[in-house]
1. Restricting attention to the stretch 45-58, which residues are without any contact (Cβ under 8 Å) to a residue 24 or more places away in the chain and either more than 24 Å from Ile81 (Cβ to Cβ) or assigned to a loop (DSSP other than H, G, I, E, B) (or both)?
2. Only one of Asp2, Asp39 is open to solvent by 30 Å² or more (accessible area, probe 1.4 Å), of a type in the set (Asp, Glu) and under 24 Å from Arg82 (Cα atoms); which?
3. Name the residues in the stretch 59-96 that are over 30 Å from Phe14 (Cα atoms), open to solvent by less than 90 Å² (accessible area, probe 1.4 Å) and at pLDDT 65 or above, would you?
4. Is it the case, given these coordinates, that Leu42 is in a helix (DSSP H, G or I), among the hydrophobic types (A, V, I, L, M, F, W, C), touching a Lys or Arg at 6+ places or on another chain (Cβ under 9 Å) and closer than 21 Å to Ala26 by Cβ?
5. Going through the stretch 5-36 one residue at a time, which ones are assigned to a loop (DSSP other than H, G, I, E, B) and open to solvent by 100 Å² or more (accessible area, probe 1.4 Å)?
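The values are calculated or read from the model by the stated rules, or taken from the named source; none is laboratory data. From a predicted model like this one, the values you see are computed outputs, not experimental measurements. With ideal geometry, Cβ positions are generated from the backbone for all residues, glycine too; neighbour counts draw on all protein chains shown. Each accessible area value is taken on the protein alone, full model and side chains, heavy atoms only, with ligands, DNA and RNA left out. Shrake-Rupley method; radii C 1.70, N 1.55, O 1.52, S 1.80 Å.
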Amino acid sequence: MDIPDWIRWIFFVFAAVQLLFAYRAAHLARRAEPGRRTDPWLEVADHAVGVVLSVGLALGAVSVLVFGAPVLLAVLSWQGIRSALARRAAPTAPAPGTGAAPGGD
């Protein structure tokens, strides 16, 4: 693959930024409570695979894209499914002023 040098440097800078985000996400995932660790670790995987894909594209290795893209697709799909299920399972809070009326008179 023939990629201009200035685009290669953009990919390397993007990979470095993603590496910082992956480090931050890993730090937050290690501190997460035991029942809430899956989402932070999925974020770490998302950033880590992004680093690999960015470096692979910067080096012109199409094989990295071929093998890394399905992994990234699986991670992003898993994140989306978990997010949709969490929104569906979240209880809706009653609007202010529409709760149970206090017993009275």
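1. Matches in the stretch 45-58: Gly56 only.
2. None of the other options fit; the residue is Asp39.
3. Ala86, Ala89, Ala90
4. For Leu42, the condition - in a helix (DSSP H, G or I), among the hydrophobic types (A, V, I, L, M, F, W, C), touching a Lys or Arg at 6+ places or on another chain (Cβ under 9 Å) and closer than 21 Å to Ala26 by Cβ - is met.
5. The answer is Glu33, and nothing else.
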